[in-house]
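The structure appears below as structure tokens.
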Amino acid sequence: MLQRFFIFCSGADTAILEECSPGERTKYAGIGATVFFTAVMAAIAGSYALYTVFDNLFTAIFFGMIWGLLIFNLDRFIVSTIKKRKNFFDELIQASPRILLAVIIAIVISKPLEMKIFEKEINQVLLEEKNDMTLANKDQLALQYTPTVEALNAEIDALKQEVTDKEAEVNTLYETYIAEAEGRKGTELIGKGPVYKEKRDKHDAELAALQALRTTNAEKITNLENQIATVSTEYQTKVAETQPVIDGFDGLMARVNALDKLPWLPSFFIFLLFLAIETSPIIAKLLSPKGAYDLKLEEQESALKSWVTQQQAQREVLVTTDRDINNRVYADIAEEQELYDYKRKKARELMQLQADAFYKKQKGVL
């Protein structure tokens, strides 16, 4: 039962194989088993690849099965259409397009399985890329908000500097009237005279102005700091909104690109493995000697070709003979006076009808 199934997978003619030796049936069962298991590997690889796309197990399995059946049909067609020739190079030329197709199929099958085998390494590469993308995203978003924050901080620094300058001015006035009272500067008279009082009043007035400036600038600074907090909140919100896009950077194309960044040698050997699996039925068919099955198939095809050629030749003779007979029949009829008189009569009636129709048409125009 299993042998019959694998023979079906090989695409061989079961009716002809029934007449061959058990060894011949075993050979084609082995070719069919290779075709079958290649399709199974293709289904697994396709399911995994589609799972990375749809992120749904049942959808991936469904389309993976369809992909496996497609590969199975292609491989079965490739193997079944290779015919044994008398010359090996003729067989190789005949199989070369099919070998090229097998290489393409091997690449398509191997890539998803490579991504699964090197999944941890690919995840590491994707993590590094996501981190770089996160930093780059923050930097790009910061370009939108940094100028505003810097302008607000500059205003805050200006307000603080204004208070600092005013404090320095008040401290200078304080030092001036103290020095006047101690007799170190000004009139150099010790005591609190009129000059001292004048300088003290000026200091007190500037001190009151300083207190008012502190209060006003503190309110302005608080308002500016609230604006900075608002801008920072908007920036953080924007970062949080765009981060899921970066976190979702885990699709099929991203994984293929990440795989290409890994060392090529392990992937290349895996590709060679699948290439060997995919081309093994074709290589086995090319290298195997012409067996009983090939001889019987060639005999059957040549017999059919001979029969078709014979039928075609008979039809050509039949057509030629019938044409010659028809030519002779019509030549004899053409000599009969009765047929001539009849056709002459009908031609005259036709010309009279045409003349009458032309006369009526011209009369209607006038």
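Bear in mind these aren't lab numbers, they're just calculated from the coordinates by the rules spelled out. Small disclaimer: the values here were computed from a predicted structure and weren't measured. Every residue, glycine as well, gets a Cβ built from its backbone with ideal geometry; the counts of neighbours run over all protein chains shown.
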Work out the charge dipole of the chain with +1 on the Cβ of Lys and Arg and -1 on the Cβ of Asp and Glu about the Cα centre, then indicate which of Thr237, Leu207, Pro147 is farthest towards its positive end. Thr237
Taking Cα atoms of the stretch 308-365, Rg/Rh with Kirkwood Rh, to two decimals? 1.42
Peptides 2-10, 302-310 ordered by average Cβ neighbours within 10 Å, highest first: 2-10, 302-310
Provide the packing ranking of 248-255, 354-361, i.e. peptides ordered by the mean count of other C-beta atoms within 10 Å per residue, highest first. 248-255, 354-361
List the lysines whose Cα lies under 30 Å from the Cα of Lys220, skipping any in the same chain that are fewer than 8 positions away. Lys138, Lys160, Lys166, Lys202, Lys238
Unit charges at the beta carbon, dipole of the stretch 308-365: most positive-side option, Gln314, Ile333, Leu350: Leu350
Label Phe58 and Leu262 with points 7 Å out from Cα along Cα→Cβ: what is the distance between them in nm? 3.2 nm
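In the chain, once you exclude exposed GluC sites (Glu not before Pro) (DSSP loop, at most 14 other Cβ within 10 angstrom), what's the longest stretch remaining?
In the chain, the maximal stretch lacking such sites is 20-187.
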If every Lys and Arg gets +1 and every Asp and Glu gets -1 at its Cβ, then about the Cα centre the chain yields a dipole, in debye to the nearest 20, of 2060 debye
Which of Lys116/Lys261; Lys27/Lys305; Lys83/Lys305; Lys120/Lys261; Lys116/Lys285 have a Cα-Cα distance over 22 Å? Lys27/Lys305; Lys116/Lys285
Go through Gly11, Leu259, Asn171 and say which Cα lies farthest out towards the positive end of the charge dipole of the chain; charges sit on Cβ, +1 for Lys and Arg, -1 for Asp and Glu. Gly11
For the chain, rounded, prolate or oblate, judged on the Cα gyration tensor with a ≥ b ≥ c (square roots of eigenvalues), a/c < 1.5 rounded, else prolate if a/b > b/c? oblate
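Show me the helices of the chain, taken as full DSSP H stretches, that run 27 Å or more along their long axis by Cα and average 1.6 or above in Kyte-Doolittle hydropathy.
Qualifying helices, which must be both long enough and hydrophobic enough, are 57-80, 264-287.
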Would you calculate, for the chain, the mean residue ellipticity at 222 nm contributed by helices, counting each DSSP H stretch of 4 or more residues as -39,500 (n - 2.57) and dividing by all residues, to the nearest 500? -32000 deg cm²/dmol
Can you pull the semi-axes for the stretch 235-366, root of five times each eigenvalue of the Cα gyration tensor, sorted largest first, whole Å? 80, 45, 8
